[in-house]
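The values are calculated or read from the model by the stated rules, or taken from the named source; none is laboratory data. Everything quoted here is computed from the prediction, not taken from an experiment. Note that each Cβ is placed from the backbone with ideal geometry, even for glycine, and that neighbours are counted across all protein chains shown.
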Amino acid sequence: MTKVMTADEVASRLRSGMTVGIGGWGSRRKPMALVRAVLRSPVRELTVVSYGGPDVGLLAAAGKIRKLVTAFATLDSIALEPHFRAARQRGDLELVELDEAMMMWGLTAAVHRLPFLPVRAGLGSDVMRVNPALRTVRSPYPDGEELVAVPALTLDAALVHLNRADRHGNGQYLGPDPYFDDLFCEAASAAYVSCERLVQTAGFAAAGPPQTLLVRRHSVAGVVAAPGGAHFTSCVPDYGRDEPFQRAYAEAAADPAAWRAFTDRFLTGDEAGYRAAVAAFTEERR
């Protein structure tokens, strides 16, 4: 059974108030075509769970996020995501800031349908102070160790981007890191995978070893063919990060007029319009 759909069809399945997980890491292999489709949609008041990058920045700048659960929000080569920073300074969104490992184990708890998992991460740090709702549990075994009870990060929907996928929902990464995209998919009621290239299932073996088959069809509700769909983040080995475009994006955050101009040029049309505008931007820089 084919699960192929468009990015706008994915966005149409989201509802205001949902908890949405977004895969990738910082400014690396983010499902930006799907995020841009969400920007075009009417959904609002989202709880977003993400190792944050420009996905968080764009959704925050558009007023789509009510609550953000994250360990960081960065553009990698630019340390702090500027639109996230501006949204926090304005008080536009609620922030739940967790340790990176706590995020991983919260997703893992959701995958296994557990209410929480005990971890050492966070103990002795300000994570416990800034998240007073977090609780600790004591080991019932002779060690009696006190551990943080990280609540499950259960998702209504997940959005991830991979290098290759087939029509059934299997997905393959070819870069240096899986970035927990499999956990996002399995922690969600419905997961949507965009990919650089749709391939036949048998084609996965030629592209990489078995362990690169990261996402399995049982956890995927829809597949979107989106060449360049991670732009302007990286999607190694298909392409690197578009640093000039990322700088333009970040610089526009400093001035409302500049941001309106950036939005008008790159974000008001469909995905084809975005790609055409990016191509023109690249040509101008040459």
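Restricted to region 251-275, and to residues there that are among the hydrophobic types (A, V, I, L, M, F, W, C) and over 16 Å from Ala37 (Cα atoms), the residue that is surrounded by the fewest Cβ atoms within 10 Å (Cβ to Cβ) is Ala257.
Conditions (1) touching a Pro at 6+ places or on another chain (Cβ under 7 Å); (2) surrounded by 13 or more Cβ atoms within 10 Å (Cβ to Cβ); (3) assigned to a loop (DSSP other than H, G, I, E, B); (4) charged (D, E, K, R), marked per residue:
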| residue | (1), (2), (3), (4) |
| --- | --- |
| Ala202 | no, no, no, no |
| Ala206 | no, no, no, no |
| Leu214 | yes, yes, no, no |
| His218 | no, no, no, no |
| Val224 | no, yes, no, no |
| Pro227 | no, yes, yes, no |
| His231 | no, yes, yes, no |
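Consider Gly122 carefully, then state whether it is assigned to a loop (DSSP other than H, G, I, E, B), buried (at least 16 other Cβ atoms within 10 Å of the Cβ) and touching an Asp or Glu at 6+ places or on another chain (Cβ under 6 Å). For Gly122, the condition - assigned to a loop (DSSP other than H, G, I, E, B), buried (at least 16 other Cβ atoms within 10 Å of the Cβ) and touching an Asp or Glu at 6+ places or on another chain (Cβ under 6 Å) - is met.
Only one of the listed residues (Arg247, Arg167, Arg265) is basic (Lys, Arg), part of a helix (DSSP H, G or I) and over 24 Å from Thr74 (Cβ atoms). That residue is Arg265. Going by the conditions given, is Ala276 part of a helix (DSSP H, G or I) and within 22 Å of the chain's Cα centre (by Cα)? Answer is no for this residue.
Criterion applied to Asp166, Asp92 was being in contact (Cβ under 8 Å) with a residue 12 or more places away in the chain, touching a Leu at 6+ places or on another chain (Cβ under 9 Å) and either of a type in the set (Gly, Ala, Ser) or surrounded by 13 or more Cβ atoms within 10 Å (Cβ to Cβ) (or both), and the one residue passing it is Asp166. No other residue among Ala79, Ala11, Ala73, Ala62 is assigned by TED's automatic domain parsing to the domain that holds Ala257, among the hydrophobic types (A, V, I, L, M, F, W, C) and surrounded by 24 or more Cβ atoms within 10 Å (Cβ to Cβ) apart from Ala73.
For beta carbons closer than 8 Å, sequence separation of 6+ or different chains, a first residue in region 199-219 that is more than 12 Å from Leu162 (Cα to Cα) and a second that is of a type in the set (Val, Ile, Thr), the qualifying pairs are Phe204/Thr212; Ala207/Val199. When Ala261 is tested against (1) in the same structural domain as Pro54 (by TED's automatic domain parsing); (2) among the hydrophobic types (A, V, I, L, M, F, W, C); (3) out of contact with any Pro (no Cβ under 9 Å at 6 or more places or on another chain); (4) within 26 Å of Leu174 (Cα to Cα), only condition (4) is not met. Take the conditions among the polar types (S, T, N, Q) and assigned by TED's automatic domain parsing to the domain that holds Leu162 and apply them to Thr108. Does it pass? Taking the combined requirement at face value, the residue does not satisfy it.
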